Amino acid sequence: MALSLAAMPFESRSSGPDVSFSSDAMVRGGLILLRVQGCESDDVQVVWMGKEIPLVRDREGTLRHGFLAADLNREPGVYPVAVRDPSSGFEKYFELRVNDRDYGVRKIRLPRAKVEPDEASLRRVKAEALAVNALWKAECRPPEWEGSFWMPVNNEIVGAFGQRSIINKKKRSPHTGVDIRGKTGAPVRVSNSGTVVLAADHFFTGKSVYVDHGSCIFSMYFHLDQIRVEEGEQIEKGGILGSVGATGRAAGPHLHWGVQINGARVNPLMLIELSRELDP
Ligand SMILES: [Zn+2]
């Protein structure tokens, strides 16, 4: 169908979709919710930090949303977001700020063998790292998650996200998840629907479950006492994937819960908070 230009309000062609952000700034290890509205075509693209951000439609199909995430180690600064709709020629740039944040320090004492692996354990650690990295390299899968993300164990946080770690008086990598208090054997529930992409017993993280929620959102559950799911299994939000334990490099029973979005390691509690806005 041909439409004369005169019949079409000029604004609807030039202004394009309505793009909004939950904030114009985040901390490193944080995230922002993006909404795109009033765009009929399916091929609207959002690019942030060199990656296309997967967008998910709401139930009515009129609104699309996605998360812009800054890795815990992201250099503070201003980063542009490009929003494009090739079918209408719409293109617009926004600027989002990533701020620094002092997450503090945690000091832990652990048995030496758990911190400084011997030759055989080091080989094991390397193989395990390869298996985990393969997950991050895969293409983003269609979304299985919907609405808000839930706490996997309803209990207090005993180890905050982002803390620099001093283990046995040596500097180690920062804490990329939250530690939740829990008794050995207490059920651990998946934060949102997804597919189990890795379920294994690893040297540092112990019995571990990695869930792919689609649209490049992953959640990880470490130090489990028992794993109750298998790789390839689909699991519904709130379903039990295992139980709290102290396997791997853990000083005592707790759940380490981590989240990765588009390759960025972010604070899972921020995902819970922001995703609440997506519940009907
Ligand atoms: Zn932890």
ask   = In region 128-144, what count of residues is obtained for those that are open to solvent by 90 Å² or more (accessible area, probe 1.4 Å) and under 13 Å from the mean Cα position of the chain (by Cα)?
value = 0
ask   = Looking at this structure, is Asp179 near the ligand (Cβ under 10 Å from one of its atoms), assigned by TED's automatic domain parsing to the domain that holds Arg123 and part of a strand (DSSP E or B)?
value = yes
request  = Could you please let me know if Gly147 is on the phi > 0 side of the Ramachandran plot, open to solvent by less than 60 Å² (accessible area, probe 1.4 Å), within 15 Å of the ligand (Cβ to nearest atom) and of a type outside the set (A, V, I, L, M)?
outcome  = no
query = Any idea which residue in region 152-168 is farthest from the ligand (Cβ to nearest atom), counting only those that are open to solvent by less than 50 Å² (accessible area, probe 1.4 Å) and either in contact with a helix residue (DSSP H, G or I) (Cβ under 8 Å, 6 or more places away or on another chain) or more than 21 Å from Ala70 (Cα to Cα) (or both)?
reply = Asn168
request  = Please work out if Thr184 is in contact with an Asp or Glu (Cβ under 8 Å, 6 or more places away or on another chain), part of a loop (DSSP other than H, G, I, E, B) and either within 12 Å of the ligand (Cβ to nearest atom) or open to solvent by 40 Å² or more (accessible area, probe 1.4 Å) (or both).
outcome  = yes
request  = For region 72-82, state whether one or more residues are under 17 Å from the mean Cα position of the chain (by Cα), assigned by TED's automatic domain parsing to the domain that holds Ser22 and surrounded by 17 or more Cβ atoms within 10 Å (Cβ to Cβ).
outcome  = yes
task = Within region 248-275, track down each residue that is surrounded by fewer than 20 Cβ atoms within 10 Å (Cβ to Cβ), in contact (Cβ under 8 Å) with a residue 24 or more places away in the chain and more than 19 Å from Val27 (Cβ to Cβ).
result = Gly248, Ala251, Pro253
remark   = Among the residues of region 223-251, the number that are at positive phi, outside any strand (DSSP E or B) and within 12 Å of the ligand (Cβ to nearest atom) is 1
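The values are calculated or read from the model by the stated rules, or taken from the named source; none is laboratory data. All values derive from a computational prediction rather than experimental measurement. FYI the Cβ positions are ideal-geometry reconstructions off the backbone, even for glycines, and counts take in every protein chain you see. These area figures cover heavy atoms from the full protein model, side chains too; ligands, DNA and RNA do not enter into them. Shrake-Rupley method; radii C 1.70, N 1.55, O 1.52, S 1.80 Å.
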